[in-house]
Amino acid sequence: MGTLTIVLRGGGVRPDARLSVRSGLDGWQADVPCEYVRGADEWRVELQGEGPVEFKFRCDGAWERGPNRVVDGEHVATMKGRLGDLFEQPDDIPVADSLAARVHFPPVSADQLFDYIVVGSGTGGGTLAHRLMADSDGGARVLVLEAGGYLFPTHVGNLPRRHGPYVNRSVWDLWNQFKVRRYDTDQPMDVAQAFCLGGRSLFWGALVPRMTPAEFAGWPERIGQDLEGTWYARAEDLLNGTAMPQDTLCGAIQSLLKGHLPDLADDDAMLAAEHASVNGLGIPSGIFSTAALLMEDVLRVSWTDRLHVNLHHQVCGFVFDGDAVTAVEAFDLAAGVQRTYRLAEGGSVILAGGTVGTPVLAHNAGLEHELVGRGITDHPTYYWKFSVKDGAPGYSARDAAKLLLRGTAGETPFNAVVEMGVNLNQYHVDEDLDLDEADMPCEVVFFTAVPLEERNSVEVRGEGRSARPRLVMHHVEVPGLEETMAEVGAAVMAAVGGTPLHPQPMRSTLGAVGHEVGTMRIGADAATGVVDPDLRVYGRRNLYVCDLSVFPTSPAANPSLTLAALAMRLSDRLVNG
């Protein structure tokens, strides 16, 4: 039997990756690990057999793209470029093990016991981890496992950038650069995930309205009562939710709209941001994110040894003893090794991977509930862009305004967010719109409450690290909605003297605003939900879910405030009983 030598050079595969080859020697069945030779900066592996033999490289379980290679004696390959271009995988989790990440978030060893393990650091998971420490007076041992890394040193809304119509570095522009589509689908949609410390709390509009009583239809009654009675106010305080300053422009726009839309209730457009900008209501530094929250938390002297955030840790399995979780298995993407993190007696695990990510975690946890992954819903969202010229009632050259209107289309609640001077805040202005330099770009955006769309689903294929979601999503249709949106939009433009930039309200693509909900819905019992009103998974003693997947309906209100309030409520129940 001969020896076949395979060498890979070029730096395309990082030294801490799991690189292997499969070949025709055994019918393409087994991975043969490659060894990284540090001094030579190359990977090597030897196969026992006679050539010629076809083979391919595999990196972290993903096949090399392109035709099969052939080795006959020795094969020397060169591979350069991005891993996502070199290996067959959907856009995958980015790994960037920076010095700042290692200093601020050194990974904790797997030999400790934890009271709480939180999977995900977004609005749900990050807020929950913060409150678990605060509610326990710093006494809890909390571990956050985040598959992503340290993407920015602060929130996107804090990054320095020039305001104005010719520089587009808005929240949404940066989101389009960093979002990850890690799923399969046959349908056009813009659903994406944020694999980074803080998750989607880095990329959002900062609008934090409460849900109205009508939007809580379909929820267990006591949740709405708890949030309105206690947790909404506390979440607003945590997120620094404050109303728009009633300066000259904002007050003037409010008066104009009341004259043209007397039947729509106006509400404070609460933003999770400091209002301090040279550009009036332009979005300044200070937008809330759980990345900033957790950064502050790990720097607290009294919490340093008890709160830990492990970045680049992709959760791929769970250990159970009966109906209780005892440990969480995670793959360290930076180091290329698998680790197991154990719970202390009486501890809990909380899944907070998002509406698309948590069904994958549930699959790896062996949850077979028929409602897991079912009903993913993105509520109908419309926008109508318009411009206001100098001299019109709503015009301002240097100020912006944001107002929230609430109404119903038939019996369906909707919110209408009126944005005046969008080049000064977090929304972006399309470059192809026909605007004069002095025009004031504006838009009105509609969000509609709807029940879950039962034919939609997140199906999971594969196991462990290889598990991937497959999305099936359809738009939800609301009779009479488009007509109502057109009437309201036209009235807004008439009030402020606006000129439409397209003839009618445009429907956003599925996932465009990141409000998908419903894949792990709350139910009064196991027949109607995956989790109970306290967010505990039915049939599991100490497994919880805390992200948008638990929403049993899709509200008109932007969901971040409600999710933060649910996280604070869950923390209180976990710590105080």
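Some notes on this structure:
- A467 being closer than 15 Å to V356 by Cβ and either over 30 Å from the mean Cα position of the chain (by Cα) or surrounded by 16 or more Cβ atoms within 10 Å (Cβ to Cβ) (or both): yes
- The residue pairs whose first member lies in the stretch 33-62 and is on the phi > 0 side of the Ramachandran plot, whose second member is assigned to a loop (DSSP other than H, G, I, E, B) and of a type in the set (K, R), and whose beta carbons are closer than 9 Å, counting only pairs six or more residues apart or on different chains, are D60/R18; G61/R18.
- Checking each residue in the stretch 381-396 for being of a type in the set (K, R) and touching a helix residue (DSSP H, G or I) at 6+ places or on another chain (Cβ under 9 Å) picks out only K385.
- Among the residues of the stretch 397-418, the ones that are farther than 17 Å from A214 by Cα, assigned to a strand (DSSP E or B) and either of a type in the set (D, E) or out of contact with any helix residue (DSSP H, G or I) (no Cβ under 7 Å at 6 or more places or on another chain) (or both) come to 2 in all.
- Of all the residues in the stretch 176-219, those that are surrounded by fewer than 18 Cβ atoms within 10 Å (Cβ to Cβ) and part of a helix (DSSP H, G or I) number 5.
- Consider the stretch 516-542 and keep the residues that are touching a residue at least 60 places away in the same chain (Cβ under 8 Å) and not in a loop (DSSP other than H, G, I, E, B). The one that is farthest from A206 (Cα to Cα) is V537.
- Residues of the stretch 379-416 that are at positive phi and out of contact with any Gly (no Cβ under 6 Å at 6 or more places or on another chain): G391 alone.
- Any pair with Cβ under 9 angstrom, 6 or more apart, that starts in the stretch 294-313 at a residue that is more than 30 Å from D60 (Cα to Cα) and touching a residue at least 60 places away in the same chain (Cβ under 8 Å) and ends at one that is in a strand (DSSP E or B) and hydrophobic (A, V, I, L, M, F, W, C): D297/L307; D297/V309; V298/L307; V298/V309; R300/L307; W303/V142; R306/V142
- One residue alone among V513, V496, V478, V488 is aliphatic (A, V, I, L, M), in contact (Cβ under 8 Å) with a residue 40 or more places away in the chain and either touching a helix residue (DSSP H, G or I) at 6+ places or on another chain (Cβ under 8 Å) or surrounded by fewer than 17 Cβ atoms within 10 Å (Cβ to Cβ) (or both), and that residue is V496.
- Matching option when the condition is surrounded by 13 or more Cβ atoms within 10 Å (Cβ to Cβ), of a type in the set (V, I, T) and part of a loop (DSSP other than H, G, I, E, B), among V118, V70, V95, V45: V95
- A449 of a type in the set (G, A, S), at pLDDT 90 or above and surrounded by 18 or more Cβ atoms within 10 Å (Cβ to Cβ): yes
The values are calculated or read from the model by the stated rules, or taken from the named source; none is laboratory data. On a predicted model such as this, the values are computed, not experimentally measured, just so you know. FYI the Cβ positions are ideal-geometry reconstructions off the backbone, even for glycines, and counts take in every protein chain you see.
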